Amino acid sequence: MSTAEPAKIPLALQVPTQRVSRGWIAAVVTVQIGINVGFFAPIQVLLGLHAEQLDASQKGAILSLVTGVGAAVSLVANPLFGALSDRSTSRFGRRIPWVFCGTICGALALLLMSTAHTVGVLVLGWALMQAAGNAAVAAIFAAIPDRVPVEQRGVVGGLVALGQTCGSLIGAVIGMVAAGNLVFGYALVALAVAICAVPFVLMRQDTPLPKGALEPLSTAQFLRSFWINPLKHKDFGWAWLTRFLLYLGSQLCLVYLLFFLQDAIGHPNPAQGVLVLTAIYAFCVIFSSVISGKLSDRDGQRKKYVIISSVIVAAAAGVLAVSSTFTMAIIAAVLLGIGFGAYLAVDFALLTQVLPTADSRGKDLGMINIANSLPQVVAPLVAWLTVTWLGGYPTLFLSSVVVSLLGALLVRKIKSVP
């Protein structure tokens, strides 16, 4: 951004001070629900069943390939589309066009996946869904620091976590209902992704960025802007690393959940088991995210809630490591929901307070979201190696314990946020 007088800073780039309405928050949460249905219905159930349908003997390898490629695409897509939305000068605003286009293209990608009779087409469809979905995710996340004042971000973060969780729960329901008809399942998911964006788009509460407000960048400058020096922006660097570790710990618990119920527990209906565990997890996430978000707004403390929630996530993984019964899986789901729900709400508020500049919120949050996506690349590989070669499911879940506790320890390195 140019060195203009503070009074001349465009409204779109100013630090928000006016509290947002319940209607706007509800629209943001609805977008989150739709996008997360699009992500989690396939990840939790549909992709696993699709992989088994393509080649039952190689289902684990196929699932790891598809999810790994999709996550690799998201590593690039999220910060790229976030940066593009930062510099968009549409009369509809910076974020709305990307939410609209991302959800429509994501729905089309899911319909392509429904036709996949080969691994190649399935990989292509999921990669396109990740690209489009992350375009929408980058824009909707950036809309929050664009419009929400700091003292309201814990509550909004908690409600966004609620939307993410409801999306994963609805995804599990769709997976169970459509377990015998994948085409129907993908179509339902595509419909949810498209429809849930409608309220946010129609509200049109997105401040446009005037043309010329930002200095033009060459391609080389644009590419260099994605490097955020962790030595110069230390708190941003530590926030990125701790988020990566917590998401990796959570993914290690979830990535093979369907197969864990099927192969280790011997559940008679693994898809139904995923739904039950997801419902329990979702209820606990909703409860803990809303409560912890309000508490952190009230006392201004963020780090202590993040540390406590990280330890609870580690405890959930520990339960799964020592017992392979469905009862213990339920206990783990409760702990994981409480811990990760609190983490999602408070850590998001913390992250918005360590962003380097106001004119690159979308790009910077996109770089943070790499910490969400990279575990989706790493976790399937770690899961396959540990389950196949390094001791099975107990080793997998113990790995989650270690990385979650390490994340809790390193949160203390963040200095600018209490």
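Averaging the inverse of every distinct alpha carbon separation and then flipping it gives the Kirkwood radius. What is it for region 14-84, in angstrom units?
On the way: mean 1/r = 0.0668 Å⁻¹.
Radius from the Kirkwood sum: 15.0 Å.
Give the calculated FRET efficiency between Gln58 and Leu108 to the nearest 0.05, with a Förster radius of 22 Å applied to their Cβ-Cβ distance.
Values: r = 28 Å, r/R0 = 1.27.
Efficiency computed from Cβ-Cβ geometry: 0.20.
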(message) If packing is taken as the average number of other Cβ atoms within 10 Å across a peptide's residues, how do 22-30, 204-212, 256-264 rank, most packed first?
(response) 256-264, 22-30, 204-212
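At a temperature of 25 °C and a viscosity of 0.890 mPa s, determine how fast region 266-418 diffuses translationally according to Stokes-Einstein, using the Kirkwood radius over alpha-carbon pairs as Rh; express D in µm²/s, rounded to the nearest whole number.
Approximately 147 µm²/s, per Stokes-Einstein.
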(request) Apply 1/(1 + (r/R0)^6) to the Cβ-Cβ distance of Gln221 and Asp263, taking R0 = 51 Å, and write down the FRET efficiency to the nearest 0.05. (result) 0.50
(message) I want to check the label-to-label distance for Gln353 and Lys413. Put each point 7 Å from Cα in the C-beta direction and report it in nm to one decimal.
(response) 1.9
(message) Please report the spacing between the Cα centers of region 231-274 and region 164-229 in Å, no decimals.
(response) 21
(request) Express in nm, to one decimal, how much length is gained between Thr395 and Ser90 on full extension, taking 0.36 nm for each residue of separation and deducting their alpha carbon distance. (result) 104.8 nm
(request) Return the aspartates and glutamates within reach of Lys211: Cα separation strictly under 18 angstrom, same-chain partners fewer than 8 residues apart disregarded; answer none if there are no such residues. (result) Glu5, Asp86, Asp146, Asp359
(request) Estimate the FRET efficiency between Thr17 and Arg298 by the formula 1/(1 + (r/R0)^6), using the beta-carbon distance for r and 25 Å for R0, to the nearest 0.05. (result) 0.85
(request) Compute the separation of the alpha-carbon centres of region 328-346 and region 19-49 and state it in Å as a whole number. (result) 18
(request) Return, ordered by residue number, the residues of region 333-366 whose backbone nitrogen is under 12 Å from a label point located 7 Å along Cα→Cβ of Ile9. (result) 357-360
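Place a +1 charge on the Cβ of each Lys and Arg in the chain and a -1 charge on the Cβ of each Asp and Glu, then give the dipole magnitude about the Cα centre in debye, rounded to the nearest 20. If you can, show how the numbers build up before the last one.
Values: 26 positive and 15 negative charges, 223 e Å.
Dipole of the chain, to the nearest 20 debye: 1080 debye.
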(message) Can you compute the modelled spin-label distance between Val183 and Cys101, with each label point 7 Å from Cα toward Cβ, in nm?
(response) 3.2
(request) Subtract the Cα-Cα distance of Val76 and Ile291 from 0.36 nm times their separation in residues, and report this length gain in nm to one decimal. (result) 74.1 nm
(request) Kindly give Rg over Rh for region 100-247, based on alpha-carbon atoms, with the Kirkwood expression for the hydrodynamic radius. (result) 1.02
(request) Treating cross-link reach as a plain straight distance, find the aspartates and glutamates whose alpha-carbon is under 14 Å from the alpha-carbon of Lys303, omitting any fewer than eight places away in the same chain. (result) Asp235, Asp347
(request) Could you work out how far helix 326-352 tilts from the main Cα principal axis of the chain, as a 0 to 90 degree angle to the nearest 10? (result) 10
(request) Return, for the Cα atoms of region 332-410, the radius of gyration and Dmax in Å, separated by a comma. (result) 15.5, 48
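What chymotrypsin sites (Phe, Trp or Tyr not before Pro) in region 369-418 are in a loop by DSSP, with at most 13 other Cβ atoms within 10 Å of the Cβ?
Loop-located and lightly packed - Trp389.
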(request) Could you work out how far apart the two model spin labels at Ile308 and Phe326 are, taking each label as a point 7 Å from the Cα in the direction of the beta carbon, and quote it in nm? (result) 3.3
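Under the rule of -39500 (n - 2.57) per DSSP H run of 4 or more residues, summed and divided by the residues of the chain, what mean residue ellipticity at 222 nm is obtained, to the nearest 500 deg cm²/dmol?
Mean residue ellipticity at 222 nm (helix-derived): -24500 deg cm²/dmol.
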(request) Mind checking region 31-99 for trypsin sites (Lys or Arg not before Pro) that DSSP puts in a loop (not H, G, I, E or B) and that have at most 10 other Cβ atoms within 10 Å? (result) Arg91
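Here, each number is a calculation from the coordinates, and none is a lab measurement. Computed from a predicted model, the values in this text were never measured in an experiment. Backbone-built Cβ (ideal geometry, glycine too); neighbour counts: all protein chains shown.
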